[in-house]
Amino acid sequence: PAVTVWIAQVATPARGAAVTALATTLGFGAGPMATSLWSDGLSHTPPSYFVMIALLCASLLGVLSLRALPATTPAPTDPKKKSAPIFRDGVWLYGASLGLGWGVAGVVLSILPLMLRPLGAIQWSGPAVFGMLGAGALAQRHAARIAPALSIRTGTIIQCAAFVVLGAGAWAGSVPLLCAGAVAGGVASHGYTFAGGLRAVAAGATDDERARSVSGYFLVGYLGFAAMSLGIGFLARFTSLEVALSAAGVSLAL
């Protein structure tokens, strides 16, 4: 949220949302991909860990060099009362859409490796995650050229289709279908839905409330990200991953 607001002030709200969405998406995917490429799957400290530490240190130096926000940015009169996320003006609805979309991404991140391991294809989990998020980054280019509402609706349709493909891959034990469902889910969750909602929230809020609105948007999104994975994991304890995944797909469609 802080990055989105900072770029929105020095550039435009739409530009800030687009840059944040792209960086978040690629950052999510780079770690799993690097770990899959540089690890044998057994080490608890793959080389990618140390690369990420170095990149974090470089990022810290970059953040410390950032210039302050423009002087026109209004300062809060009472920071303690103006720190809570805002959910009005459609923020909760955009956040709910993001939560459902990121729920699909959460399934790919947490559940997909469990489905690939019995198939002897655990090495595909990292590339599948990177493919999911990389496809989402590419989809953001088109999402930026259409209206936010249309972008969200497009993402909703695609993420339902992605869950159908994921479910089919789980029942059939098909690695290609599982990976294809992951990529389609990325197009929806981190492409159209994420970018469209973030643009709408950033553009619709005033300068002094933009940070709180974006925080509310991300908060609801991360709740959905965790809730679907936890729900599938809980249901799978009493049934199976295939049944749990199908039930989540039906819920998502509804």
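The values are calculated or read from the model by the stated rules, or taken from the named source; none is laboratory data. Owing to the predicted nature of the structure, the values given are computational and were not obtained by experimental measurement. For neighbour counting, all protein chains shown are included, and Cβ atoms are generated from backbone atoms with ideal geometry for every residue, glycine included. Just so you know, the surface numbers come from the protein's heavy atoms only, side chains and all, with ligands and any DNA or RNA stripped out. Shrake-Rupley method; radii C 1.70, N 1.55, O 1.52, S 1.80 Å.
Here are some notes:
- Considering only CYS57, PRO148, LEU178, and ranking their Cα positions along the charge dipole of the chain that arises from unit charges at the beta-carbon of Lys, Arg, Asp and Glu, the one farthest toward the positive end is PRO148.
- Shown here for the range 164-254: trypsin sites (Lys or Arg not before Pro) in loop regions (DSSP other than H, G, I, E, B) with at most 12 other Cβ atoms within 10 Å, of which there are none.
- Where the chain is the region considered: accessible area per residue in Å², 1.4 Å probe: 51
- Computed E for VAL51/VAL175 - FRET, C-beta separation, R0 25 angstrom, nearest 0.05: 0.35
- For the set ILE152, ILE157, ILE53, the ranking by accessible area, highest first and with no ligand, DNA or RNA atoms included, is ILE157, ILE53, ILE152 under a 1.4 Å probe.
- Dipole in debye (nearest 20) - the range 151-254, about Cα centre, beta carbon charges: Lys, Arg +1; Asp, Glu -1: 80
- Among (i) 57, 28, 16; (ii) 27, 24, 17; (iii) 33, 22, 16, the entry derived from the coordinates for semi-axes √(5λ) of the Cα gyration tensor in Å: (iii)
- Rounded to the nearest whole Hz, the Karplus-based 3J(HN,Hα) values (6.51 cos²θ - 1.76 cosθ + 1.60, θ = phi - 60°) of the range 210-224 follow the sequence 4, 4, 6, 5, 5, 4, x, 4, 5, 4, 5, x, 6, 4, x, with x at glycine and proline.
- Karplus (6.51, -1.76, 1.60) ³J(HN,Hα), θ = phi - 60°, over the range 102-110, in Hz, Gly and Pro reported as x: 5, x, 5, 5, x, 4, 5, 5, 9
- Accessible carbon and sulfur surface of the chain relative to its total accessible area, %, 1.4 Å: 70
- Backbone geometry of the range 152-158 corresponds, through the Karplus equation with coefficients 6.51, -1.76 and 1.60 at θ = phi - 60°, to 3J(HN,Hα) couplings of 5, 5, 4, x, 5, 5, 5 Hz, x marking Gly and Pro.
- In the chain, the calculated helix contribution to ellipticity at 222 nm averages -24500 deg cm²/dmol per residue, counting -39,500 (n - 2.57) for every DSSP H run with n ≥ 4.
- Loop-located trypsin sites (Lys or Arg not before Pro) in the range 138-176 whose Cβ has at most 12 other Cβ within 10 Å (DSSP): ARG145
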